[in-house]
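The block underneath contains the structure these notes are about, expressed in structure tokens.
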Amino acid sequence: MRPARRAATLFLRRSLLPAALLALSACSIAPTGVVGAGTAATGVTPTVRLYFVSDGILVAVPRSATGPVDAETAVAMLFSGPTSPEQLHGLTTELPQLAVEPHRQTPAPTRAPLGVRVRTRADTVAIELPQDLKSPLPRTAADQLICTAAAARLIADPDLDSARVTVTGHTRTGRWRTEGSSTTCPGRVTPVSPSATPSTLPGQSPAL
């Protein structure tokens, strides 16, 4: 290419570059960089599976919540008993009524009962009950705890195939222990309609 033609081509490229950038700006198209996709979609309500009793049979009941629910929170929700709509559908509980920890910022349905400790490790949930129980839990009551805690653990860690739960307690006659697995829990869920108000999680205020 001759020197004169090369100089003319270079001049033409330099003169067209600002015009091209201006056109991209006018069309709201960024010439470089990564365009973010925005925030993830919202509106999905977390659901926890609680196990109550109907005609002596263990029944799985879905309960909505305002945030993710772990095994400890699920156990606290279970100890609070069935809601009014759930009671109208014949759902009861065989768990004893336990006093809850006084905490003004935590709604009563999700307060941890006094003396109840819930620890999670891998696929195992260990539940320790208070020492003032007069007798070991009935089998159905223990199954309520086992299946509720196991279901919450599987939701918290979807990679798990199953979850094991141990329940221990202390009575006047000594220490007792029972255990179970999610593999023996009823899988069918019994929806309750109209649904109860979503349970508020610890540290959150109920919606007005």
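Listing for the model above:
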| read-out | value |
| --- | --- |
| Candidates Gly43, Gly36, filtered to the one that is over 23 Å from the mean Cα position of the chain (by Cα), loosely packed, with under 10 Cβ neighbours inside 10 Å and either modelled with pLDDT of 80 or more or among the small types (Gly, Ala, Ser) (or both) | Gly36 |
| Residue, surrounded by the most Cβ atoms within 10 Å (Cβ to Cβ), within region 153-174, restricted to residues that are at negative phi and assigned to a strand (DSSP E or B) | Val165 |
| Filter pass, Pro109 being surrounded by 13 or more Cβ atoms within 10 Å (Cβ to Cβ), in contact with a helix residue (DSSP H, G or I) (Cβ under 7 Å, 6 or more places away or on another chain), assigned to a helix (DSSP H, G or I) and modelled with pLDDT under 95 | yes |
| All positions within region 154-208 that are closer than 26 Å to Leu91 by Cα, β-branched (Val, Ile, Thr) and at pLDDT 80 or above | Ile155, Val165, Thr166, Val167, Thr168, Thr178, Thr183, Thr184 |
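The values are calculated or read from the model by the stated rules, or taken from the named source; none is laboratory data. Owing to the predicted nature of the structure, the values given are computational and were not obtained by experimental measurement. All Cβ positions, even for glycine, are placed from backbone atoms using ideal geometry, and neighbour counts span all protein chains on display.
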